[in-house]
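Heads up, the thing below is written out as structure tokens.
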Amino acid sequence: MEDRWADYLIYEARFDATQTRIIRLRLATDNGIAVDESGEYLRQDVVSAIKNGSTFATVFQDQGTGNWTFGHQVFLAAVNGVEYIKIAESASEKDDLGDTPGF
């Protein structure tokens, strides 16, 4: 890891029973050299941080080597007036972090 991917790196997400809204996220800080200091945060905390200028990306950890791989940049997208956390533009009315593992 030579450059920062984002301020915060999302590596796991917990969705509601309908699998449409994230409830909590596990994320780590990106210090530019390594993935550092992980914690669990509420969805609203992440939404507020994005609105205040913090950047987020998804990452995946290789269980064999422990190395981290970049996934996608994360952003807020409004669909029918409702904000969703997404990695790709779409008209779907749900949060979408792709293949990010659940917990």
* Would you confirm whether any residue within segment 47-63 is free of Cβ contacts under 8 Å to residues at least 60 places away in the same chain, more than 18 Å from ILE85 (Cβ to Cβ) and outside any loop (DSSP other than H, G, I, E, B)? => yes
* Structure fact -> Counted residues in segment 5-38 being without any contact (Cβ under 8 Å) to a residue 60 or more places away in the chain and on the phi > 0 side of the Ramachandran plot come to 2
* In this structure, does THR18 turn out to be polar (S, T, N, Q), under 21 Å from ALA77 (Cβ atoms) and over 11 Å from the mean Cα position of the chain (by Cα)? -> yes
* How many residues are of a type in the set (Phe, Trp, Tyr) and surrounded by fewer than 17 Cβ atoms within 10 Å (Cβ to Cβ) if we restrict to segment 71-101? -> 1
* **Candidate set from segment 71-99 (those that are free of Cβ contacts under 8 Å to residues at least 24 places away in the same chain and assigned to a loop (DSSP other than H, G, I, E, B)); member that is nearest to GLN19 (Cα to Cα)** => SER92
* To do: Mind listing whichever residues of segment 20-41 are modelled with pLDDT of 95 or more and either part of a loop (DSSP other than H, G, I, E, B) or of a type in the set (Asp, Glu) (or both)?
  => THR20, ARG21, GLU40
* Could you check, for segment 74-93, whether at least one of its residues is of a type outside the set (A, V, I, L, M), modelled with pLDDT of 95 or more, within 14 Å of TYR8 (Cα to Cα) and within 10 Å of the chain's Cα centre (by Cα)? => yes
* Please state which one of GLN44, GLN61 is loosely packed, with under 14 Cβ neighbours inside 10 Å and either under 13 Å from the mean Cα position of the chain (by Cα) or at pLDDT below 95 (or both). => GLN44
* Structure fact -> Across segment 48-58, the tally of residues that are in contact with a strand residue (DSSP E or B) (Cβ under 8 Å, 6 or more places away or on another chain) and surrounded by 11 or more Cβ atoms within 10 Å (Cβ to Cβ) stands at 7
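The values are calculated or read from the model by the stated rules, or taken from the named source; none is laboratory data. The structure displayed is predicted, hence computed values, not measured ones. Positions of Cβ are generated from backbone atoms using ideal geometry, with glycine treated the same way; all protein chains shown enter the neighbour counts.
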